[in-house]
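A short write-up of the structure that comes next.
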Amino acid sequence: MNIDVETGGRVDVVDVTADVAAAIPDDADGVCTAFVPHTTAGVVINEHERGLCADVETALERLAPRGATYEHDRIDDNADAHLRAMVLGESVTVPIDGGELGLGTWQSILFVECDGPRRRRLRLSVVRE
Ligand code: ZN
(Lines give C-alpha, C1' and ligand atoms only; values in the text may rest on other atoms or scores of the structure.)
Protein backbone atom coordinates (compact mmCIF):
# COMPACT_ATOMS: atom_id res chain seq x y z
CA MET A 1 0.00 0.00 0.00
CA ASN A 2 1.19 3.48 -0.77
CA ILE A 3 0.09 6.86 0.55
CA ASP A 4 0.72 9.98 -1.52
CA VAL A 5 1.99 12.92 0.50
CA GLU A 6 1.98 16.49 -0.82
CA THR A 7 4.48 18.68 1.00
CA GLY A 8 4.19 22.43 1.06
CA GLY A 9 7.60 23.86 1.88
CA ARG A 10 11.27 23.03 1.73
CA VAL A 11 10.82 21.70 5.26
CA ASP A 12 7.33 20.55 6.12
CA VAL A 13 5.78 18.34 8.79
CA VAL A 14 2.70 16.50 7.50
CA ASP A 15 0.46 14.48 9.83
CA VAL A 16 -0.31 11.25 7.96
CA THR A 17 -1.92 9.41 10.88
CA ALA A 18 -5.44 9.43 9.45
CA ASP A 19 -4.22 8.19 6.06
CA VAL A 20 -2.30 5.34 7.66
CA ALA A 21 -5.24 4.45 9.92
CA ALA A 22 -7.57 4.32 6.92
CA ALA A 23 -5.32 1.77 5.23
CA ILE A 24 -5.39 -0.70 8.14
CA PRO A 25 -7.74 -3.70 7.66
CA ASP A 26 -10.71 -3.51 10.05
CA ASP A 27 -10.02 -6.53 12.22
CA ALA A 28 -6.22 -6.67 11.98
CA ASP A 29 -3.91 -7.30 14.91
CA GLY A 30 -0.18 -7.00 14.34
CA VAL A 31 2.11 -4.20 13.28
CA CYS A 32 2.19 -1.59 10.55
CA THR A 33 5.44 -0.26 9.17
CA ALA A 34 5.47 3.06 7.34
CA PHE A 35 8.55 3.41 5.12
CA VAL A 36 9.77 6.51 3.27
CA PRO A 37 11.32 5.52 -0.09
CA HIS A 38 13.21 8.80 -0.43
CA THR A 39 16.63 10.09 0.67
CA THR A 40 15.62 13.62 1.64
CA ALA A 41 12.53 13.01 3.79
CA GLY A 42 11.85 11.06 6.96
CA VAL A 43 9.06 9.80 9.18
CA VAL A 44 8.76 10.05 12.95
CA ILE A 45 6.16 9.55 15.66
CA ASN A 46 5.57 12.55 17.86
CA GLU A 47 3.09 15.25 18.81
CA HIS A 48 1.48 17.19 15.96
CA GLU A 49 1.44 20.64 17.53
CA ARG A 50 2.04 23.82 15.54
CA GLY A 51 4.81 25.15 17.78
CA LEU A 52 6.59 21.82 17.90
CA CYS A 53 6.45 21.53 14.10
CA ALA A 54 8.13 24.96 13.89
CA ASP A 55 10.70 23.76 16.42
CA VAL A 56 11.46 20.77 14.19
CA GLU A 57 12.37 23.13 11.37
CA THR A 58 14.58 25.21 13.69
CA ALA A 59 16.29 22.15 15.14
CA LEU A 60 16.97 20.67 11.69
CA GLU A 61 18.50 23.99 10.55
CA ARG A 62 20.80 23.96 13.58
CA LEU A 63 21.71 20.33 13.01
CA ALA A 64 22.59 20.65 9.33
CA PRO A 65 22.46 24.31 8.23
CA ARG A 66 21.53 24.93 4.62
CA GLY A 67 24.41 26.47 2.70
CA ALA A 68 27.16 25.18 4.97
CA THR A 69 30.08 23.48 3.25
CA TYR A 70 29.15 19.95 2.16
CA GLU A 71 30.83 17.64 -0.36
CA HIS A 72 27.47 16.52 -1.79
CA ASP A 73 26.51 20.09 -2.68
CA ARG A 74 29.06 19.95 -5.52
CA ILE A 75 26.64 17.71 -7.43
CA ASP A 76 23.18 18.19 -5.93
CA ASP A 77 23.02 21.21 -3.59
CA ASN A 78 20.86 19.43 -1.01
CA ALA A 79 23.29 17.77 1.38
CA ASP A 80 21.56 19.39 4.34
CA ALA A 81 18.32 17.62 3.40
CA HIS A 82 20.04 14.21 3.13
CA LEU A 83 21.73 14.67 6.52
CA ARG A 84 18.48 15.77 8.17
CA ALA A 85 16.63 12.77 6.70
CA MET A 86 19.29 10.38 8.02
CA VAL A 87 18.79 11.67 11.54
CA LEU A 88 14.98 11.50 11.29
CA GLY A 89 14.97 7.94 10.00
CA GLU A 90 13.12 6.28 7.11
CA SER A 91 10.56 4.13 8.91
CA VAL A 92 8.34 3.74 11.96
CA THR A 93 6.50 0.68 13.24
CA VAL A 94 3.17 0.97 15.03
CA PRO A 95 1.23 -1.80 16.82
CA ILE A 96 -2.25 -2.56 15.50
CA ASP A 97 -5.01 -3.68 17.86
CA GLY A 98 -8.34 -4.71 16.34
CA GLY A 99 -7.78 -2.61 13.23
CA GLU A 100 -6.76 0.48 15.24
CA LEU A 101 -3.33 2.07 15.43
CA GLY A 102 -1.91 1.58 18.90
CA LEU A 103 -0.55 5.10 19.26
CA GLY A 104 -0.27 6.97 22.56
CA THR A 105 -2.59 9.87 23.30
CA TRP A 106 -0.27 12.53 21.93
CA GLN A 107 1.41 10.48 19.24
CA SER A 108 0.93 11.08 15.54
CA ILE A 109 2.74 9.71 12.51
CA LEU A 110 4.57 12.67 10.98
CA PHE A 111 6.07 12.73 7.48
CA VAL A 112 8.96 15.22 7.56
CA GLU A 113 9.92 16.81 4.26
CA CYS A 114 13.51 18.09 4.07
CA ASP A 115 13.76 19.11 0.39
CA GLY A 116 10.32 20.12 -0.79
CA PRO A 117 7.84 21.03 -1.83
CA ARG A 118 7.29 17.74 -3.61
CA ARG A 119 4.85 14.92 -4.17
CA ARG A 120 6.10 12.08 -2.00
CA ARG A 121 5.18 8.50 -1.24
CA LEU A 122 4.88 6.58 2.00
CA ARG A 123 4.88 2.78 1.77
CA LEU A 124 2.81 0.82 4.28
CA SER A 125 3.27 -2.83 5.20
CA VAL A 126 0.87 -4.57 7.57
CA VAL A 127 2.02 -7.78 9.21
CA ARG A 128 -0.79 -9.63 11.00
CA GLU A 129 -0.31 -11.78 14.09
ZN1 ZN B 1 21.22 15.01 -3.16
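One table, with the values for the structure above:
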{"item": "Degrees separating the helix 50-63 axis from the principal Cα axis of the chain, which is the longest one", "result": "50 degrees"}
{"item": "Directionally averaged projected area (convex hull, Cα atoms, the chain), nm²", "result": "7.8 nm²"}
{"item": "Given charges at Cβ of Lys, Arg, Asp, Glu: the chain dipole, positive-most of 82, 21, 125", "result": "82"}
{"item": "Among 46-52, 26-32, the order from most to least packed when residues are scored by Cβ within 10 Å on average", "result": "26-32, 46-52"}
{"item": "Probe 1.4 Å, protein heavy atoms only - accessible area per residue of the stretch 19-119 in square angstrom", "result": "56 Å²"}
{"item": "Residues residue 2 and residue 87, FRET efficiency given R0 of 22 Å [Cβ-Cβ distance, rounded to 0.05]", "result": "0.35"}
{"item": "The chain: angle of helix 79-88 to the longest principal axis, Cα-based, in degrees nearest 10", "result": "30 degrees"}
{"item": "Net charge of Cβ neighbours under 11 Å - reference residue 10; Lys, Arg +1; Asp, Glu -1", "result": "-3"}
{"item": "Apportionment of accessible area to carbon and sulfur, the stretch 2-129, percent (1.4 Å)", "result": "48 percent"}
{"item": "Magnitude of the charge dipole, the chain, Cβ model with Lys/Arg +1 and Asp/Glu -1, debye to 20", "result": "380 debye"}
{"item": "Residue-span extension gain [residue 74 to residue 47] - 0.36 nm each, minus C-alpha spacing", "result": "6.1 nm"}
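The values are calculated or read from the model by the stated rules, or taken from the named source; none is laboratory data. Nothing here was measured: the structure is a model prediction, and the numbers come from that model. Here the Cβ is made from the backbone with ideal geometry for all residues, glycine too, and neighbour counts use every protein chain on show. The area values use the complete protein model at the heavy-atom level, side chains included, leaving out ligands, DNA and RNA. Shrake-Rupley method; radii C 1.70, N 1.55, O 1.52, S 1.80 Å.
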